[in-house]
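The structure under discussion appears below in the form of structure tokens.
The values are calculated or read from the model by the stated rules, or taken from the named source; none is laboratory data. The shown structure was predicted, so the numbers you read here are calculated from the model rather than taken from an experiment. Here Cβ is always computed from backbone atoms with ideal geometry, including for glycine, and neighbour counts include all displayed protein chains.
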Amino acid sequence: MSRSLGNKRKQIPENGETKENEKIAVEIKTFTSGSVVFNFHVAIGQFINYQAVLEQLEPDRKLFLAIPLDIYRTFFQSVFVKTVLVKQNIPIIVYDPQREENLKWIN
């Protein structure tokens, strides 16, 4: 598990809105240990906890959940996962661990 705090967004999100100077925090998940479902539950729980803390300490910072491309293309396409993300209002960043780059911002 790793977090990247103090970042500023420099890419255009999927919805086309540019927010060059938006303060963000990123919870990066690899989904490499155990079952994908278990990793998803842990990631969502941690995200909700971190978001609660950030709202108190840095209310102008937006938290994102970063997930690997292969997990996004498979597990994150399920109705269950999409429902949870929408219901909990969790924005995600899809990254490619091989190329070490962000591929997609989804608010």
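Evaluation of K62 against the conditions (1) in a helix (DSSP H, G or I); (2) touching a residue at least 40 places away in the same chain (Cβ under 8 Å) shows that the sole unmet condition is (1).
Per the conditions (1) in a helix (DSSP H, G or I); (2) modelled with pLDDT under 95; (3) over 24 Å from D96 (Cβ atoms), the sole criterion not satisfied by I48 is (2).
For segment 22-45, which positions are among the β-branched types (V, I, T) and part of a helix (DSSP H, G or I)?
Step one: list which residues in segment 22-45 are among the β-branched types (V, I, T), which gives 24, 26, 28, 30, 32, 36-37, 42, 44.
Matches in segment 22-45: V36, V37, V42, I44.
Of the listed requirements (1) over 19 Å from S35 (Cβ atoms); (2) modelled with pLDDT of 95 or more, V84 misses just one: (1).
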